[in-house]
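**Student:** Below is a structure I'd like to ask you about.
The values are calculated or read from the model by the stated rules, or taken from the named source; none is laboratory data. None of the values given here were measured: they were computed from a predicted structure. Note: ideal-geometry Cβ built from the backbone for every residue, glycine included; neighbour counts use all protein chains shown. These area figures cover heavy atoms from the full protein model, side chains too; ligands, DNA and RNA do not enter into them. Shrake-Rupley method; radii C 1.70, N 1.55, O 1.52, S 1.80 Å.
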Protein chains: 4
Amino acid sequence: MGYTAAVAGASGYAGGELLRLLLDHPEMEVGALTAGGSAGSRLGEHQPHLMPLADRVLAETTVDTLAGHDAVFLALPHGQSAAIAEQLGRDVLVVDCGADFRLTDARAWERYYGTPHAGTWPYGLPEMPGARAALAGTRRIAVPGCHVATATLALMPALARALVEPDAVVVSVTGTSGAGKAPKPHLMGSETMGAVSPYGVGGTHRHTPEIVQNLSEAAGTPVTLSFTPVLAPMPRGILATCTAPLRDGATAERITAAYRERYADEPFVHLLPEGTWPSTAMTLAANSALVQVTVDPDAGRLVAVAALDNLTKGTAGGALQSANIALGLPEDSGLPVTGVAP
Amino acid sequence: MGYTAAVAGASGYAGGELLRLLLDHPEMEVGALTAGGSAGSRLGEHQPHLMPLADRVLAETTVDTLAGHDAVFLALPHGQSAAIAEQLGRDVLVVDCGADFRLTDARAWERYYGTPHAGTWPYGLPEMPGARAALAGTRRIAVPGCHVATATLALMPALARALVEPDAVVVSVTGTSGAGKAPKPHLMGSETMGAVSPYGVGGTHRHTPEIVQNLSEAAGTPVTLSFTPVLAPMPRGILATCTAPLRDGATAERITAAYRERYADEPFVHLLPEGTWPSTAMTLAANSALVQVTVDPDAGRLVAVAALDNLTKGTAGGALQSANIALGLPEDSGLPVTGVAP
Amino acid sequence: MGYTAAVAGASGYAGGELLRLLLDHPEMEVGALTAGGSAGSRLGEHQPHLMPLADRVLAETTVDTLAGHDAVFLALPHGQSAAIAEQLGRDVLVVDCGADFRLTDARAWERYYGTPHAGTWPYGLPEMPGARAALAGTRRIAVPGCHVATATLALMPALARALVEPDAVVVSVTGTSGAGKAPKPHLMGSETMGAVSPYGVGGTHRHTPEIVQNLSEAAGTPVTLSFTPVLAPMPRGILATCTAPLRDGATAERITAAYRERYADEPFVHLLPEGTWPSTAMTLAANSALVQVTVDPDAGRLVAVAALDNLTKGTAGGALQSANIALGLPEDSGLPVTGVAP
Amino acid sequence: MGYTAAVAGASGYAGGELLRLLLDHPEMEVGALTAGGSAGSRLGEHQPHLMPLADRVLAETTVDTLAGHDAVFLALPHGQSAAIAEQLGRDVLVVDCGADFRLTDARAWERYYGTPHAGTWPYGLPEMPGARAALAGTRRIAVPGCHVATATLALMPALARALVEPDAVVVSVTGTSGAGKAPKPHLMGSETMGAVSPYGVGGTHRHTPEIVQNLSEAAGTPVTLSFTPVLAPMPRGILATCTAPLRDGATAERITAAYRERYADEPFVHLLPEGTWPSTAMTLAANSALVQVTVDPDAGRLVAVAALDNLTKGTAGGALQSANIALGLPEDSGLPVTGVAP
């Protein structure tokens, strides 16, 4: 156990998933667990599936509690990370699962979040070009949004090779855990079972500028995006159906080759065998993203689909993968590539 | 009870929904019930929720059994309707819930279905321009595919007014009942719960040419379409997220006005109040389609979403609605506008 | 339309189901709709599936609003019905979907509810012996609890004929809507999907004394009861598995005959064909209860299983069935015997 | 990697779960994978979540294929294990996840399975009295049925201390994966979502004699049992609600103490804190069983509830736990105590 890790926001879904993974991590020991309103209660009340930690008591989320760890994972509401990070010292690895430091464009931040921009940290999607170099040795990581990671992995290879026009449509179907644990009427079991419904329609969802940022970086040119997230009746999982117009000469063969090449050495991104399409059920609890692509010649479009578990590869697993890189550990330490099914 | 109605394929999902609605229809009496492999068994074994018909015995699907009714509803596998319809006489109303007579383009039929084109019948989506006139008095009706009805209702008003380019992307999330009742490995409960997955990707799904046909008719010009159906863990419901590039001058106001105007007098299509988005849960067991639209100025796109119950408005309810028109009955006879929730 | 009906608590699940049924009732017109915290808002915000009533505005739940109707249905939290009923006048039919007037034993009430006993009204389970006589012409009805109706229908015939010992074990699995619409952490979609869990274990659930009351009345002797409700991942439905020791001479034949006889003339209780067991999926949105029984010779026990929709036959449908009797209408007016499936 | 393990039946649910666990086992290497009808295909077609094994080809289930491993796990239909085991040699550890060698009473076997009794192997529920001694060093293990493990863990401590009468009622709610992967009409997604239904009612389920065997062994006297399994809409999980009449002097304190003592040193059975009841959602993918008990003084009964994952602790995890003991490995090698939630 070389490192100690604290988790702020341990009573929530992202915090719980971080702890599930940390418990199996060969080099990290679970340190302080903190919470907001749940401070003072046993973790077992909030995360009964984390039996080895059931009797741990949640502390208040303060710098004092979090200080003294090698790594601090923040699973907090937007806007709370900056103040904590500032006081934690530059030698502590701070991994923010929230949005505060994801965007490079301050105006985009202000438009979508309505608060001053806190800054930009190295971006925790190791599969992006240059990301591993930026993550190596860093002490600050901004973990991507879950829809963002999915859509980026689906479209990046085609945009990077200029096989499609920089004009994407993404419909991203997700389970309910992405909306968090705070009780809201429309997220009740009675309301969600049997319900498929869109939200944040028309480019208003906060993951929109972040997807644009990633796709534009991959394409080397500004990308236009129509993004619609859709809620589906399952606790976990995201499936993004993504499409963009084919450029001249972009055949199915060239596209498949580009994806195969791009992801051949990625430990957690799998291009499925031809004819097999991703399903969220293939990724439950794994740090894996599954991708498949095809060409629709009548529509003149690429269709790329990616699936992943929004809490694992989409949040906590991705955070840990990036933290491994930052700390110089094997990138796949403590990260399951195998899912749970059925 | 002015009319008698037979149902061929009474043991399946579409047949069961037809019977559920016919039992409440003030002018139709349930006549012969027929089936394929299930002939000879009690309906109660296959449709235990249809208690008033539990002891009715399923007959073989033959012309003799079906003859002598005022209306015959066919819920059969593709390719079986033509032979039956030919022998039933021109005075019998034949309503085909299958695909055989939906397409006008014989080449499109042959490409997608691989058999000779049987012909084209009046199209059972009364909300399409001219449809009611074509349905009035007809004795042959082709009921639309369920994804088709949903996508058509979502995009038709914008295309009809040339507010968008004829270049649509549709991602249509549906429950499992659309895949029918025959046991298949990937449709088992253990496999579908927790699973969101695409199928028929790349323009290969058979509803593709039918959506193109409808949208092109609405637009008055050929429409290009990228269509991806997605399976979600619920028994019923379709939610189609549809987008197309805005034309110059297509403001949110003009678009909303076009939809409001187009659907103001429709008994079964409801444009929701601003800011409210359709959910499949709002339409369970109702013959209602819910629609909402918005404009994404950054993407330069319309986003239109429609939801309906694939077995009710998407199949059996739509069939009955069209049959009512054909027989000169009130269009809403026996058709619930109210859904079941939660 | 002979009668007007007000619904207090129209924004909740029981209220919504009452309205769904009232909209189809041939003799009742929907009058005032009232709510607590949601007063002033459109019904469509809370019950989007009730499209014909979408623009009705919810009034405050006051006597003034409710007065002047022929029938007032109360779907309110426990303890609020008595005050309203007292002021409504003896000529108004008041149907209480809450618990206030269900129990005859004041001590049982006080023990389980912790407040003074408000009294006892005619009991709205028409299938109980003598219930229809008590309901005819009454202007006060106490609608049974949903678990109570299910367990009572499952065991009553065997106890009434003294075919089993008065010592019952009931495990009653139910969907989430029975817990109401108020957001609570353990009822969120993320928490309920995949979760089967008991609650109110050890005889502490408030439906316990009411089941005891009914079974004891049926048996003509005090019945001992072990009752465990269990939450399952579905919005609607109850399935009660009930067992009691066989008395001497209680053969399978005699038991089946007793159930067949007891329910032969009941419009809404169906003894299934031998070998067919009830499923909640057979009863969705119907006012039907399904029952099956068998004998376990090794255990020396009767096993009786009943299924119904907790919101329909278990609450709103049962309420309307009893109201029909009270008003002298056909008992099945406006009540669907046919369910929705799949 | 000290040991090699073959899995027969690798394309099914139990086989898949065995492989998921074996992939993480520090001392076992995955050897031959065999199947029946799926032989010759890639494992990835059947178990897409087991990515590291996706390209392994399934062999025929023959002795030749299975020979040469240290351990052979059989996840086969009933009746196929004996022939294979006989030919594998006494030095190979054969772990049978099927029923063939579970029962000690040949007449009970013949009555419930209708074939000659193959014999009895050491029983793979380490938590039973004497089980670990019998398992240590054995080369034959009969893994318990999933309902059996659950009910046994719920009731064993009370029966072992004679705190309850030997007369149990068990209602055991389970997900769909227990019914296996072969497509059947009633197990389709459309049929199972929304459906709670009993099966094998009246003591006819094959787990009945096995529960009786375990409970009688625990009690030291024959136990009478009423057992009803119930299917619920989730892929995994079992929750057994169990009750038996209290004996004189069996207070809540004594009962809780008996359970606490009995399970204090068990690595995989957890008595929950007072007032917390087990949920299947707490055990997903873990080898953990959760237990809680209470006393119902009015009914004079103990109520004991246990939850576990039918594929993990209920099948594959239990198999591996027992295999660890047999091979002299740490009992918890490769077995997750932490579940996946939500």
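**Student:** With just the Cα atoms defining each centre, how far is region C:159-222 from region D:1-32? Give it in Å.
**Tutor:** Taking the Cα centre of each part, region C:159-222 and region D:1-32 sit 42 Å apart.
**Student:** Per residue, how much accessible area does the protein assembly as shown have with a 1.4 Å probe, in Å²?
**Tutor:** Counting only protein heavy atoms, the per-residue value for the protein assembly as shown is 31 Å².
**Student:** Next question. Can you give the Rg and Dmax of region D:147-308 based on its C-alpha atoms, in angstrom?
**Tutor:** Both quantities, over Cα of region D:147-308: 15.8, 50 Å.
**Student:** Between helix C:13-22 and chain C, what is the angle of the helix's C-alpha long axis to the longest principal axis, kept within 0 to 90° and rounded to the nearest 10?
**Tutor:** Approximately 80 degrees, to the nearest 10.
**Student:** I would also like to ask the following. Under a 1.4 angstrom probe, counting protein chains only, how are C:Val212, D:Val223 ranked by accessible area, largest first?
**Tutor:** Ranked from most to least accessible, the order is C:Val212, D:Val223.
**Student:** Now for a different question. Once R0 is set to 25 Å, what does the formula 1/(1 + (r/R0)^6) return for the Cβ-Cβ distance between D:Ala133 and D:Val63, expressed as a FRET efficiency to the nearest 0.05?
**Tutor:** Once the sixth-power term is evaluated, E becomes 0.25.
**Student:** How many percent of DSSP beta bridges within region D:147-308 run antiparallel, rounded to 5? Walk me through the numbers before you get to the answer.
**Tutor:** Numbers: 25 of 36 bridges.
Counting DSSP beta bridges with both partners in region D:147-308, the antiparallel share is about 70 percent.
**Student:** With n ≥ 4 as the cut-off for DSSP H runs, can you work out [θ] at 222 nm for chain B, using -39500 (n - 2.57) per run divided by the number of residues, rounded to the nearest 500?
**Tutor:** It comes out at -7500 deg cm²/dmol, rounded to the nearest 500.
**Student:** Right, next: Rank these residues by their accessible area, most exposed first, probe 1.4 Å: B:Met51, A:Met234. Please report the intermediate quantities before stating the final value.
**Tutor:** Values: B:Met51 30, A:Met234 0 Å².
Descending order: B:Met51, A:Met234.
**Student:** For chain B, what is the relative contact order in percent, using Cα pairs closer than 8 Å and at least 6 residues apart in sequence?
**Tutor:** 17
**Student:** Considering chain B as a Gaussian network with a 10 Å cut-off on Cα pairs, which listed residue, B:Thr150, B:Thr61, B:Thr115, attains the greatest mean-square fluctuation?
**Tutor:** Maximum among the listed residues: B:Thr115.
**Student:** Taking the Cα atoms of region B:140-181, report the difference between the largest and smallest coordinate on each principal axis, in whole Å and largest first.
**Tutor:** 40, 30, 12
**Student:** Just tell me how shielded A:255-266 is by partners: mean number of partner chain Cβ atoms within 10 Å of each residue's Cβ, no decimals.
**Tutor:** Mean inter-chain Cβ contacts per residue within 10 Å come to 0.
**Student:** Another one. Can you give me the distance in nm between label points at D:Thr276 and C:Ser41, each placed 7 Å from the Cα along the Cα-to-Cβ direction?
**Tutor:** 3.4
**Student:** List the lysines whose Cα lies under 22 Å from the Cα of D:Lys313, skipping any in the same chain that are fewer than 8 positions away.
**Tutor:** Result set, ordered by chain and number: D:Lys181.
**Student:** Using a Förster radius of 60 Å, what is the FRET efficiency between A:Thr104 and C:Thr4 based on their Cβ-Cβ separation? Nearest 0.05, please. Display every interim value, and only then the final one.
**Tutor:** Numbers: r = 63 Å, r/R0 = 1.04.
The pair A:Thr104/C:Thr4 has a calculated efficiency of 0.45.
**Student:** If you plug each phi of region A:35-51 into the Karplus form 6.51 cos²θ - 1.76 cosθ + 1.60 with θ = phi - 60°, what whole-Hz ³J(HN,Hα) values come out, in order, with x for Gly and Pro?
**Tutor:** With the stated coefficients, region A:35-51 comes to 8, x, x, 8, 4, x, 9, 6, 4, x, 5, 9, 9, x, 7, 9, 4 Hz.
**Student:** With a Cα-only, solvent-free Debye model of region D:213-322, what are the log10 I(q)/I(0) values at q = 0.11, 0.12, 0.21 Å⁻¹?
**Tutor:** The Cα Debye sum returns log10 ratios of -0.38, -0.46, -1.35.
**Student:** If I take every Cα pair under 8 Å that is 6 or more residues apart in region A:233-342, average their sequence separation and divide by the length, what percent do I get for the relative contact order?
**Tutor:** About 32 percent, as a whole number.
**Student:** Now, a different point. Got a number for the accessible area of A:Asp24? Probe 1.4 Å, square angstrom, nearest 10.
**Tutor:** Counting only protein heavy atoms, the figure is 120 Å².
**Student:** How many percent of the accessible area of the protein assembly as shown is carbon or sulfur, using a 1.4 Å probe?
**Tutor:** C and S atoms contribute 51 percent here.
**Student:** Hey, what angle do you get for helix C:146-160 against the long axis of chain C, alpha-carbon based, 0 to 90 degrees rounded to 10?
**Tutor:** So the helix axis and the longest Cα principal axis differ by about 40 degrees.
**Student:** Let's see if you can work this out: charge +1 on each Lys and Arg Cβ, -1 on each Asp and Glu Cβ, no other charges. What is the dipole magnitude of region B:147-308 about its Cα centre, in debye to the nearest 20? Don't skip to the end; give the middle numbers.
**Tutor:** Numbers: 10 positive and 13 negative charges, 96 e Å.
With only Lys, Arg, Asp and Glu charged at Cβ, the dipole is about 460 debye.
**Student:** Within 10 Å of each Cβ in peptide D:174-181, how many partner chain Cβ atoms are there on average? Round it to a whole number, please.
**Tutor:** 4
**Student:** With solvent modelled as a 1.4 Å probe, how much accessible area in total do chains A and D shield from it at their shared surface, in Å² to the nearest 100?
**Tutor:** Values: alone 13980 and 13960 Å², together 25870 Å².
Approximately 2100 Å² gets buried when A meets D.
**Student:** Report the relative contact order of region C:147-308, percent, no decimals, based on alpha-carbon pairs under 8 angstrom and at least 6 residues apart.
**Tutor:** Working: 335 pairs, mean separation 51.2, N = 162.
The value is 32 percent.
**Student:** Same structure, new question: As a test of the definition: which semi-axes, in Å, follow for chain D when you take the square root of five times each eigenvalue of its alpha carbon gyration tensor? Largest first, please.
**Tutor:** One finds semi-axes of 32, 21, 20 Å for chain D.
**Student:** Picking from A:Gly220, A:Gly275, A:Gly37, which is most flexible by a Gaussian network model of chain A using Cα springs under 10 Å?
**Tutor:** Looking only at A:Gly220, A:Gly275, A:Gly37, the largest GNM fluctuation is found for A:Gly275.
**Student:** How large is ³J(HN,Hα) for each residue in region A:248-257, as worked out from phi by the Karplus curve 6.51 cos²θ - 1.76 cosθ + 1.60 (θ = phi - 60°), to whole Hz, x for Gly and Pro?
**Tutor:** Listing the rounded values in order: 4, x, 7, 7, 4, 4, 5, 5, 4, 4 Hz.
**Student:** Mind checking C:47-56 for the average number of partner chain beta-carbons within 10 Å of each residue's beta-carbon?
**Tutor:** Working: counts 5, 12, 15, 6, 12, 2, 1, 4, 1, 0.
Mean shielding by partner chains, rounded to a whole number: 6.
**Student:** Residues of region C:324-342 with accessible area at least 40 Å² lower in the all-protein-chain context than alone (1.4 Å probe)?
**Tutor:** When all protein chains are present, C:Thr338, C:Val340, C:Ala341, C:Pro342 each give up 40 Å² or more of accessible surface.
**Student:** Something else now. Considering only the label points, 7 Å along Cα→Cβ from Cα, what distances in nm to one decimal separate B:Gly89 from the same position in each other copy, shortest first?
**Tutor:** 5.9, 7.9, 9.4
**Student:** May I pose another question? Which distance in nm do the two modelled labels at B:Arg90 and C:Asp91 give, with both placed 7 Å along the Cα-to-Cβ direction?
**Tutor:** According to this spin-label approximation, the distance is 6.4 nm.
**Student:** Could you pull the copy-to-copy label distances for C:His78, with points set 7 Å along Cα to Cβ, in nm to one decimal and sorted shortest first?
**Tutor:** 4.2, 4.5, 5.7
**Student:** Now a separate question. Where the Cα atoms of region A:1-119 are projected onto their three principal axes, how long is each span, largest first, in whole Å?
**Tutor:** Here the spans come out as 44, 29, 24 Å, largest first.
**Student:** Out of every Cα pair in the protein assembly as shown, what percent are spaced more than 62 Å from each other?
**Tutor:** Percent of Cα pairs beyond 62 Å in the protein assembly as shown: 10.
**Student:** Under a Cβ-only charge scheme (Lys and Arg +1, Asp and Glu -1), can you give me the dipole magnitude of the protein assembly as shown about the Cα centre, in debye to the nearest 20?
**Tutor:** 0
**Student:** What are the ³J(HN,Hα) values, in whole Hz, obtained from phi via the Karplus relation 6.51 cos²θ - 1.76 cosθ + 1.60 with θ = phi - 60°, for each residue of region A:182-192 in sequence order, with x given for Gly and Pro?
**Tutor:** Values per residue, Gly and Pro as x: 5, x, 9, x, 6, 9, 5, x, 4, 8, 8 Hz.
**Student:** Considering chain A as a Gaussian network with a 10 Å cut-off on Cα pairs, which listed residue, A:Leu215, A:Leu88, A:Leu19, attains the greatest mean-square fluctuation?
**Tutor:** A:Leu88
**Student:** Now a separate question. Provide the FRET efficiency to the nearest 0.05 for the D:Ala82-D:Ala182 pair, computing r from the beta carbons and using R0 = 25 Å. The partial results should precede the final answer.
**Tutor:** Values: r = 22 Å, r/R0 = 0.87.
In this case the efficiency is close to 0.70.
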